[in-house]
Amino acid sequence: MKKLLDYLPFHFTLFLMLGILTQFYFKVWSFGFYGIIYTALMLLSILVILKKSTFYFLSARALFFYTGIVAVYIQDNTNYDSHYLNHFKEKSTVILAVKKMVTSGHFTNTYEASVTQVDTVKTRGAILLNIQKDSTNKRLKTGDCIFVKPIIKELIPPLNPYQFHYKSYLKKRGMTHQIFLEKDAYTLLKEKRFSLEKFASEIRSAIQRSLESYHFQEDELAVINALLLGQRQYISKELMDDYSHAGAIHILAVSGLHVGILLWMLSFVLKPLERIKNGKTIKTIFLIILLWAFALIAGLSASVVRAVTMFTFVAAALTMNRTRHILYAIIASLFFLLLIKPLFLFDVGFQLSYLAVFGIVWIQPKIYRIWKPKYKLIDTFWQLCTVSIGAQFGILPLTLYYFHQFPGLFMITNLVVIPFLGGVLITGMLLIILAISGALSEFLATLYGAVISLMNDFIRFISEQETFLITDISFSGFLMIIAYMVLIRIGVLFSKHNYKNLIVLLWFVCIFQGVLIFEKYSRESKKEFIVFHKSKNTILGIRQAGSLKVYHSGNLEATYKIIAPYKVGEGVSLAYSDTIPNFFQVEKPILIIDTLGIYQFKSSKNAIVILRQSTRIHLERLIKVLKPEYIIADGSNYKSMVLKWEETCLKNHIPFWYTGRDGAYIIKEDKQ
């Protein structure tokens, strides 16, 4: 760890990351592109002047902090005059270039597209494109250009507490708006734009057509597409859940694990090259070429490019045969990728890949040294165990924060699947070559499909052992940071056993426990009333300490899907009632008015009124009689009724809230 801390590029990378975070969240730089040049020249001049000064240390780091700010500013298309929003008008026509398919749902196909032209003006900027499916399930391909006359809408934030923030997710990928089109509301242009992504997509499509001509089962072909071509959208939800519960979801995303295994196996195959003159250099060149060939076959998706870039640096470091150089190569690749694509920092796959590799490189050797088996077979088994532990060591706090579950059988899953995966990848590459050339026999295809099915069956068996799956773990961002500090100090103690390192570790453990106690106290002292949003239904929640009483009018399973993120995020227990009272007394009186239109006069004055089930009540008369403090319409109402109520509230100067637009309404009670 000390060698890493002394490694100067590690410091530069940290300050680069800090600059990226600062600009993304606080927008501190808004002085344009000329300002970037002037400030950069000024900082470089200061570095030259202070070359032998004690302030040189701070100035150098300030330069890389500034570099992170500039990298985000340059990548943000909204900072350019040519951004499509600066030219789009109500009746504008637009040309879109499809970059990739995002998802294929029941009713729509969703794509990421570039807005290349608005009316007659050349533009830039990415947008989410949603096209209604037709009976033929026709799909656009990467590089296709379409002519449309769209309505551009801003992306919608989550409507309920702790729901996945899709708007924030897409913003970190450069998209802030979306378009919805009917199935025949666009014109496919003959214009074709060449790009490397389009070329890679065409190769991938040719491979898919070749594989589809063989009799693979649906799940087999879906997993083959995921493992070899980086296409996960064909995997069923049930199979995806099985992999997730077994702790093997990372296997289905082409990432550092796959590229690392591929590098290791190719390195073994090409090892004879080391015997000739300059053999190591020649071997490294071949390794890098083969890795990028794999990236091209996998469609040059962001995750594949990141992984191959990282292991390109690692392949170069391997020629030096030193673990320290491999660690330095990982840091160098991290710096390079963030410099080119700063928003990668917010990608969960990017974070998991680097943390897993860091855990393997840093922690695995320390664990492996604890026991050195005499027999080769046992030693190989022990190495696989330590690799699995090292990777889990690196990603555990992050997976708890993002996914709120811990698969207790992850060790067994990885011990079986990872060695299995190496053979699957290499054989799969050969399978692709044979399939494209038409030389693949039906027997070999069936045999490969059987191997994939065997892996799926094993994963399914592990996922069914629900006793070992710990779910609904409430794990905050602050808790995750402290957990990493604890794990780092454990690694340091492994490296150097002394009293000082033990004390520092115990100190961080105490902080971790303190945060747990504080968060538990905060949860148990919290009281609030929540009007959740659910289309065509009413869901109300009363939070008392560590429990949430849920009143709902719909299906229990559908209700739980809305409540689950809140349950996990707040760490509360649930109780249900399918009877919704007409009156609640919490911090303020709350009146519920449904289709019956019955309400109490005496106890309901200055209350918060919740309208549900498109009640036909005379709202203006109610306002004059009750003088409500706030009027809320939930998701069970028709939108036409909601619009009429909103007009009435505006006319009478009463605040109005619609959960379908404004999100869940939360009334926080004062702590006693």
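Values in this text are rule-based calculations from the coordinates and carry no lab data. Note that the structure is predicted; figures quoted are calculated from it, not measured. Glycine gets a Cβ as well: all are built from the backbone with ideal geometry, and neighbour counts include every protein chain shown.
For the reader, a short list of remarks on this structure follows.
- Residues LYS167, LYS190, sorted so that the one with the fewest Cβ neighbours within 10 Å comes first: LYS190, LYS167
- Ellipticity at 222 nm from helices only: DSSP H runs of n ≥ 4 in the chain, each -39500 (n - 2.57), divided by the residue count, give -17500 deg cm²/dmol.
- With Cα atoms, 0 to 90° folded angle of helix 279-297 axis to the chain main axis: 30
- Fraction of the pair-distance distribution of region 1-159 above 26 Å, Cα-Cα pairs, percent: 50
- Tensor-based shape of region 98-227 (alpha-carbon gyration tensor, a/c under 1.5 rounded, otherwise prolate or oblate): oblate
- 0 to 90° range, to nearest 10: angle between helix 410-437 axis and the chain longest Cα axis: 70
- For region 265-353, the alpha carbon positions stretch 43, 31, 19 Å along the principal axes, listed from largest to smallest.
- Reachable aspartates and glutamates from LYS149, criterion Cα separation under 13 angstrom, eight or more residues apart if same chain: GLU90, ASP119, GLU182, ASP184
- Alpha-carbon Rg/Rh ratio, for region 558-597, with Rh computed the Kirkwood way: 1.06
- Long-range tail of P(r) for region 527-668 (Cα pairs > 21 Å, %): 39
- Share of pairwise Cα separations in the chain, more than 45 Å, in percent: 32
- Inverse of mean 1/r across different Cα pairs in region 202-470, Kirkwood, Å: 19.5
- Ordered by the count of other Cβ atoms within 10 Å of each Cβ, fewest first, TYR243, TYR38 give TYR38, TYR243.
- Helix 477-495 axis, angle to the chain major axis (alpha carbon atoms, nearest 10°): 20
- Pairwise label distance in nanometres, LEU58 with THR187, each label 7 Å out on the Cα-Cβ vector: 6.2
- Straight-line cross-link partners of LYS527 among the lysines, defined as a Cα under 26 Å from its Cα and at least 8 positions apart when in the same chain: LYS549, LYS561, LYS567, LYS588, LYS602, LYS605, LYS627, LYS668, LYS671.
- Cβ crowding within 10 Å, taken as a proxy for footprinting-reagent exposure, orders HIS552, HIS325 from fewest neighbours to most as HIS325, HIS552.
- Lys, Arg +1 and Asp, Glu -1 on Cβ, resulting dipole of region 81-173 about Cα centre, debye, nearest 20: 200
- Only Lys, Arg (+1) and Asp, Glu (-1) charged, at Cβ; the chain dipole about Cα centre in debye: 1820
- The convex hull around the C-alpha trace of region 375-468, projected and averaged over every direction, spans 8.4 square nanometres.
- Computed on the Cα trace of region 402-542, the radius of gyration divided by the Kirkwood hydrodynamic radius gives Rg/Rh = 1.18.
- Spin-label pair LEU41/SER525, simplified geometry with 7 Å Cα→Cβ offset, distance in nm: 5.6
- Fraction of antiparallel bridges per DSSP, the chain only, in percent to nearest 5: 70
- Cα convex hull of region 2-75 - mean projected area over all directions, nm²: 5.4
- Charge dipole magnitude, Cβ of K and R +1, D and E -1 - region 527-668, Cα centre, debye nearest 20: 260
- Directionally averaged shadow of region 597-658, computed from the convex hull of its alpha-carbon atoms, nm²: 3.6
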